[in-house]
1. Restricting the search to the range B:190-201, which residues are crowded, with 20+ Cβ neighbours inside 10 Å and in a strand (DSSP E or B)?
2. If we scan the range B:309-323, do we find a residue that is within 29 Å of A:Ser207 (Cα to Cα), within 16 Å of ligand 1 (Cβ to nearest atom) and crowded, with 19+ Cβ neighbours inside 10 Å?
3. Enumerate the pairs (first residue in the range A:190-206 and closer than 16 Å to A:Thr126 by Cα and at the interface with chain B (Cβ under 10 Å from one of its Cβ atoms); second residue anywhere and of a type in the set (Ser, Thr, Tyr) and assigned to a strand (DSSP E or B)) with beta-carbon separation below 6 Å, excluding pairs fewer than 6 apart on the same chain, so at least 6 apart or on different chains.
4. Scan the range B:130-141 and tell me whether some residue there is away from ligand 2 (no atom under 16 Å from the Cβ), in a loop (DSSP other than H, G, I, E, B) and modelled with pLDDT of 95 or more.
5. Within the range B:306-327, count every residue that is more than 11 Å from every other protein chain (Cβ to nearest Cβ) and under 20 Å from B:Pro26 (Cα atoms).
6. For A:Gln190, all conditions in the list (1) away from ligand 1 (no atom under 13 Å from the Cβ); (2) assigned to a strand (DSSP E or B); (3) farther than 26 Å from A:Val372 by Cα hold save one; what is the number of the exception?
7. Return the total of residues in the range B:258-271 being aliphatic (A, V, I, L, M), buried (at least 17 other Cβ atoms within 10 Å of the Cβ) and out of contact with any strand residue (DSSP E or B) (no Cβ under 9 Å at 6 or more places or on another chain).
Amino acid sequence: MDFTFPREMEKFRKLVREFGEEVVRPAAKAADEKHEVDMDVIRQAAAIGLLGVPFPQKYGGVGAGETGYCILMEELGKVCTSTATTIGAHIGIGAMSIYLDGTEAQKQKYLVPLARGEKLGAFALTEPNAGSDAASIKTKAVRDGDAYLLNGSKIYITNGPLADVISVLAVTDPTLGAHGGVTAFIGEKQFGIQVGTVEKKMGIRGSATSELIFEDVRIPAENVLGPVGLGFITFMKTLDTGRLTLGAATLGGAEEALRIAIDYARVREAFGKPIAHKQSIQFMIADMAAEVEALRSLVYRTAWMVEQGMPYTKEAGMCKLLGSQTASRNIHRALQILGALGYSRDFPVERMFRDARIAEIFEGTNEIQRIVIASQLFKEVGIRIRP
Amino acid sequence: MDFTLNEEQQMFGQMFGDFMAKEVAPRAEAIDAEGETPSELLEQAAMQGFLGAILPEDYMGAALDMTSYTLLAEAWGRADLSSATVFHAHMMTAMAILAHGTEDQKATYLEAMAMGEKLGAFALTEPAAGSDPAGMLTEAKPDGSDYLLNGVKSWVTNAGRAGTYVVFARAPEGVTGFIVDADTPGLKVGGREKTLGLRGAEIRALYLDHARVPAANVLGKVGHGLRVALSTMDFAHLSLAALTLGGAEQALDLGVQFASERKQFGVLIAKKQAIQNYLADAKLKIEALRHLIEHASWLAVQGKPYSFEATMAKLYGGQAIYETANTMIQVHGGYGYIVDYPISRLYRDARAMSIIGGSAEIQRVLVARHVLAEAGIEVKP
Ligand SMILES: Cc1cc2nc3c(=O)[nH]c(=O)nc-3n(C[C@H](O)[C@H](O)[C@H](O)COP(=O)(O)OP(=O)(O)OC[C@H]3O[C@@H](n4cnc5c(N)ncnc54)[C@H](O)[C@@H]3O)c2cc1C
Ligand SMILES: Cc1cc2nc3c(=O)[nH]c(=O)nc-3n(C[C@H](O)[C@H](O)[C@H](O)COP(=O)(O)OP(=O)(O)OC[C@H]3O[C@@H](n4cnc5c(N)ncnc54)[C@H](O)[C@@H]3O)c2cc1C
């Protein structure tokens, strides 16, 4: 066992951290207030290769693997959860679905510009009546010559208003259900995918979430992603890696909360000395640190498992479950330690508090993660559980 | 033991609930979005007698007993926590004057407060003294028959809107309470605090620059200001606890409503144990909180001390409302994160309740002090 990061990963972390501190952090507050993606930040990230971190260089990426990608998400998670979300949806689910199941030609055509940051990606699964129950999607894809015509609507799609390339799941054969009847497609915005309602959200307001409307959108048959009928598998596999790296982003948020709490408790005085001297404060901080370390180990061990080619569905679910809880809890504690200042929008904890809450919900709610974890555990003892 | 409300209390409870559901709840979203509790709403509340709810009839109050008062605060909290906080801060200011004011002071201030002509604000906290008000720096210097107040008070709910402030400052004899009129020369209000929630409450700093306050406006005895502030906390704790009860009930209502309409995997999510557990735990917290509040208010109605019980209710209420709002967001899934659904507002509002009126850590100190006093051990914060 070796728990140190390779030298090149440390170097990569340094690069990302500098980018985070110099470019992302200063822009976070304004993006939240304007409820707008700061495209300048995204462009600058693209310019230094950050939009293709995990992918091999031959596909326009940096070749930093899952570990490098987790490092990116962790460092972004510290400074701005909105930016982590925008880049996470682009790399971790949008481009990733093409990387995992795309043909060589699809990778050249779509993954390369996505990884280089010339195009922005999105991943469109959720529908009004199919959230947790993703298998119940209704968006239809009907074969029409050498193409498919898509009709339906997707909601809550991160990067929806901005994305050029959209991985989308649709029903190709309603008689077969999710396994056999659902197909993944690589859509382009310019095929006629329309942006519907852009959501106003409690947090991650520096990311954009919208409805995507498909009205006779024509997608060439060569853009079928993975085998026809097996799109559900492509999408679920993609979400596994998404969950791991979401865990990494929450690690960043949880660490940042810890740092803020220590910095404040060190200097804030009440009853004649710094509140750091009070056990109520010390114990909150000790719990925060313990949970951060547990999460760090889980996240990077899971990244290692991915790189070893080991199965990691259960562990990815755990990263997302534990990570989102740890971030929310730590930020909740940091807010408490700051007292009234924690409740003020003049300090970043307030934004972090609103932002963190989403991680317990998206990319599969925490209830769904528990179902995923439990079904893996019971599968090992011969019991099949249903959601 | 008798756990029923008397006929009058039941009638009031019904009336408060109806009024709040009709007049306040429909405005909650706009109050948050626009960051303001409309004056008409406060005028309406004054007309109903709410702004003098617990004041005696001599001062045009509605003379509610403490239990009925908590029913009012609960109903208001359920409808909208922002404007309920405005109401709460007003009421606690009036209670400080009622408990410690001279006959003259009461006659001068309370009637106007009950009629809604003057809103109250309570200025204890300072930038460097929150949990520890004894560390306050604001000075009150005797000057002939007046005092000159100098310093900064922070996080004053209703500042800028209030007509009557109760301000604490350090006189030569120690911390002292003062009743300060809004138009006192030398009193200035700072910019609005931008907050996570309770955005419809106006919270600002007060800048006191040689603010001249007549000695006749000293509230309670000179040098006894911390006692005045602390004794007001009994009422404030109970009042805030009632707000949290209302807020938690509202959160649960929203959760139940969503869970009984939303289907996934072919069934209502209400049919899933994970969801049922959230609802069950929320209900448990709500009923436990209600009993803490009822017990504390019952003691108050009996004329008995209720300080310890009110502190427990506030401490627990802060947790209960946060945890309930948090799990009810979860019940809403992605919808809970979209501002069109009121649960996200409640979640933001709820988070204040473990800080405002004394932090949870300080309230635990107070509870532990009570617990350990029986063992003869003194507890300091
Ligand atoms: C800001 C934001 C960004 C998003 N980005 C994307 C995106 O880029 N792409 C995309 O496809 N989607 C995206 N989503 C959608 C997100 O993945 C869904 O909101 C999420 O999966 C939950 O679905 P739902 O909202 O329909 O909630 P529901 O599925 O209706 O869930 C409601 C509640 O019921 C619970 N529940 C449901 N089924 C069960 C069960 N069987 N047992 C126990 N409990 C259950 C849930 O856990 C939840 O608590 C985003 C959502 C948001 C808010
Ligand atoms: C929405 C809102 C409205 C408010 N309205 C008013 C108002 O109308 N009037 C008014 O006067 N004030 C008001 N306040 C201020 C409020 O009373 C204070 O914020 C609160 O008392 C805590 O003080 P602080 O923020 O300075 O935190 P601090 O006292 O600096 O505390 C920081 C942290 O240290 C902890 N801590 C402090 N001392 C100890 C100790 N001895 N042991 C263990 N932990 C400790 C605290 O619990 C907290 O976690 C309001 C605050 C808010 C958020």
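1. Going through the range B:190-201, the residues crowded, with 20+ Cβ neighbours inside 10 Å turn out to be B:193, B:195-201.
The answer is B:Thr195, and nothing else.
2. Step one: of the range B:309-323, the residues within 29 Å of A:Ser207 (Cα to Cα) are B:321-323.
From the residues that got through so far, the ones that are within 16 Å of ligand 1 (Cβ to nearest atom) too are B:323.
Okay, now just the ones that are also crowded, with 19+ Cβ neighbours inside 10 Å, so none.
Within the range B:309-323 (the criterion being within 29 Å of A:Ser207 (Cα to Cα), within 16 Å of ligand 1 (Cβ to nearest atom) and crowded, with 19+ Cβ neighbours inside 10 Å), the answer is no, since none of the residues qualifies.
3. As it stands, the answer is A:Glu199/A:Thr209, since those pairs meet every condition given.
4. Scanning the range B:130-141, I find no residue that is away from ligand 2 (no atom under 16 Å from the Cβ), in a loop (DSSP other than H, G, I, E, B) and modelled with pLDDT of 95 or more, so the answer is no.
5. 0
6. Here A:Gln190 clears every test but (2).
7. Initial filter on the range B:258-271 (aliphatic (A, V, I, L, M)): B:259, B:267-270.
This time we only want the ones that are buried (at least 17 other Cβ atoms within 10 Å of the Cβ), so: B:259, B:269-270.
From what's left, out of contact with any strand residue (DSSP E or B) (no Cβ under 9 Å at 6 or more places or on another chain): B:270.
Matching residues across the range B:258-271 total 1.
One line per residue, one yes/no per condition, for (1) in contact with an Asp or Glu (Cβ under 8 Å, 6 or more places away or on another chain); (2) surrounded by fewer than 23 Cβ atoms within 10 Å (Cβ to Cβ):
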position	(1), (2)
A:Gly196	yes, yes
A:Lys200	yes, yes
A:Ala208	yes, no
A:Phe214	no, no
A:Val217	no, no
A:Ala221	yes, yes
A:Leu225	yes, no
A:Gly231	no, no
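The values are calculated or read from the model by the stated rules, or taken from the named source; none is laboratory data. Since we're looking at a predicted model, the values are computed, not measured. No Cβ is skipped: glycine too gets one built from the backbone with ideal geometry, and neighbour counts run over all protein chains shown.
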